[in-house]
Amino acid sequence: SFQNEINEVPFFDIQLPYELALKIFHYLGKTELGRCAQVSRTWKVLAEDEVLWYRLCQQEGYLLDTSISDHSCWKLALKNCRARERTLKTNWKNRIGAVSQLRYELGKVLCDVHSCDGVVIAGYTSGEVRLWDTRTWDYTAPILEPMHGPGDAGPQPHVSFVRINSSLAVAAYEDGTVSVWSLMFGREPIHRYQHNQRIQALALGSEGATVATASGFEVKVESPNDRGFWQTTETFEIQKLVNFLNLVPDVTGSPVTVAAAEDVVYLLKAEDPGKILHSVYGQPVTCLDVSAHEAAFGVKTFGWLLNEPNQILLYNLETSQCLKKMGNSIGDFTCVNLQNSPPNMLVTGNKDRRVRVFDLRKSESLCSFYAHQLGVSAVQMDDWKIVSGGEEGLVCVWDQRMGTKLWEMHARHPVRHVWFNSHSLITANIPDEKNPRGASISDDDLTAHRKHQGIIYAYEFSVDQLAVESIFPICRSSYDEVTGYNYNIGLAVPYDNI
């Protein structure tokens with residue numbers, strides 16, 4: 001080929017070796033390389049060298065787990081990735097895609113929902129725990145079996161909390177039992193342990209196998225040892241009842257737990273069991289989230305302290321120093337998301353119905369949206385959008401830079417869980433009333449009335465129109481039908497192509 005014949009590259013008055021010329025071009029961006037390609041035939045070969053475009057592709061965060069030999073034209077690969085991202089953004093903004101409801105009638109009323117990377121776990125008042133894998137649209141949902149004792153013939157206790165990560169699923173029940181399942185094999189729990197009282201909070205490490213539960217004045221941390229046998233690694237006694245519990249991600253060595261109990265925030269480590277991160281008498285903590293190095297939580301102050309309204313505090317977990325006090329709001333901060341937010345950013349929801357975004361390098365909020373009719377109950381953001389859920393059942397999607405609402409969806413019951421990645425969104429409306437009135441008439445009937453049950457939605461904004469699975473059967477039509485309808489969700493049906 002022509003490239004193999006080039007050893008010397010003309011650089012104005014001098015001839016440079018190809019490798020050296022390539023090193024110079026390494027400093028150029030996409031636009032400059034495009035301009036250089038128009039200079040001469042030799043420069044064009046140089047400016048379209050695979051090494052340069054592979055590096056640009058990696059720099060922009062595309063195809064990170066590929067090697068240079070995986071594509072024959074990296075310039076085209078980058079172009080396709082960027083086009084795909086643009087389409088995905090447009091689909092999000094205009095709500096183009098598929099939406100489905102994840103229902104399970106026999107579970108009665110929904111108690112708690114959690115998700116990880118598109119896999120959803122739900123716990124019900126019937127005591128059942130169910131999984132869905134929304135990454136494949138023809139999914140069947142396994143029901144995770146409880147570990148039955150010999151005398152467990154009666155009704156199962158309600159599920160209080162469920163959590164899931166990439167390898168484990170955990171459920172805590174009303175009677176103080178905790179069951180842990182492995183997602184790799186089987187529906188039988190791999191571990192089970194018991195508290196004497198009701199469990200107030202449950203946390204599961206974002207990676208790996210560590211479970212923390214709080215019941216009464218005790219926080220228990222369980223994880224498997226080197227041989228794979230589960231055991232209690234830590235038990236912490238604290239003075240107050242825990243409201244919020246988080247495991248610190250990416251910790252080497254023994255697990256670190258952050259627990260908010262009324263007006264105290266504890267940093268629970270094996271070597272320093274009773275360490276208090278923050279405590280102000282009579283100022284309860286209203287929400288908590290933890291990243292690898294920091295903890296953010298909302299603090300409720302008293303009305304008569306007008307100079308100090310409710311705030312979000314940010315603490316460094318290594319030094320235990322308060323880094324920032326953010327926000328001055330009359331309402332309580334009800335939810336905060338630090339772990340999934342972009343670097344140096346934090347998003348919060350408040351009882352005053354506003355969603356606020358904070359830059360951790362400043363104290364005042366970057367933007368504030370008047371979002372919901374009642375308080376905000378769940379939030380998540382990425383570099384351009386925010387998804388918020390409210391107590392009245394509304395899910396709103398916002399364009400952060402424009403400060404505008406893109407679209408909203410409403411369902412009965414408060415939104416208690418919101419999770420999204422680049423191409424999908426999962427929301428859960430969970431009823432506060434677990435034993436709806438009038439349900440007792442039909443106790444023999446296993447299903448509760450639909451309006452009492454709560455609901456989980458899965459949205460897919462994927463670009464791959466080729467993936468027939470992402471189109472629901474009701475929207476797949478064949479050429480022998482006379483008319484077609486795409487249910488306002490912009491899906492490809494054969495009539496588009498006739």
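Scanning segment 358-368 for residues that are surrounded by fewer than 21 Cβ atoms within 10 Å (Cβ to Cβ) and assigned to a strand (DSSP E or B) yields ASP359, SER365, LEU366, CYS367, SER368. Among the residues making up segment 185-196, those that are surrounded by fewer than 20 Cβ atoms within 10 Å (Cβ to Cβ) and touching a strand residue (DSSP E or B) at 6+ places or on another chain (Cβ under 9 Å) are ARG187, GLU188, ILE190, ARG192, TYR193, GLN194, HIS195, ASN196. State all residues of segment 415-434 that are within 18 Å of SER160 (Cβ to Cβ), open to solvent by 10 Å² or more (accessible area, probe 1.4 Å) and either at pLDDT 90 or above or out of contact with any Ser or Thr (no Cβ under 8 Å at 6 or more places or on another chain) (or both); if no residue qualifies, say none. Scanning segment 415-434 gives ARG416, HIS417, ASP432, GLU433. Of the residues making up segment 240-254, those that are β-branched (Val, Ile, Thr) and either assigned to a strand (DSSP E or B) or open to solvent by less than 60 Å² (accessible area, probe 1.4 Å) (or both) are VAL242, VAL248, VAL251.
Rundown of residues vs (1) closer than 30 Å to SER377 by Cα; (2) not in a helix (DSSP H, G or I), yes/no style:
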{"residue": "ARG35", "(1), (2)": "no, no"}
{"residue": "VAL39", "(1), (2)": "no, yes"}
{"residue": "VAL51", "(1), (2)": "no, no"}
{"residue": "TYR54", "(1), (2)": "no, no"}
{"residue": "LEU63", "(1), (2)": "no, yes"}
{"residue": "SER72", "(1), (2)": "no, yes"}
{"residue": "LEU106", "(1), (2)": "yes, no"}
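Within segment 255-310, being outside any loop (DSSP other than H, G, I, E, B) and over 24 Å from the mean Cα position of the chain (by Cα) holds for ALA261, VAL264, TYR266, LEU268, ILE276, LEU277, HIS278, SER279, ASN310.
Within segment 11-46, the set of residues being farther than 19 Å from CYS73 by Cβ and surrounded by fewer than 10 Cβ atoms within 10 Å (Cβ to Cβ) comprises PHE12, ASP13, ILE14, GLU19, TYR27. For ARG412, the criteria (1) basic (Lys, Arg); (2) part of a loop (DSSP other than H, G, I, E, B); (3) modelled with pLDDT under 90 hold in every case but one, which is (3).
Per the listing LEU131, LEU144, LEU110, LEU168, the residue uniquely crowded, with 18+ Cβ neighbours inside 10 Å, in contact with a Ser or Thr (Cβ under 7 Å, 6 or more places away or on another chain) and either hydrophobic (A, V, I, L, M, F, W, C) or at pLDDT 90 or above (or both) is LEU168. Take ASP49 and decide whether it is open to solvent by 60 Å² or more (accessible area, probe 1.4 Å), of a type in the set (Asp, Glu) and not assigned by the TED database to the domain that holds VAL397. The answer is no for ASP49.
The values are calculated or read from the model by the stated rules, or taken from the named source; none is laboratory data. Bear in mind the structure is a predicted one, so any value in this text is a computation, not a measurement. We place every Cβ from the backbone using ideal geometry, glycine too, and count neighbours over all the protein chains shown. Surface accessibility is based on the protein's heavy atoms, side chains included, excluding ligands, DNA and RNA. Shrake-Rupley method; radii C 1.70, N 1.55, O 1.52, S 1.80 Å.
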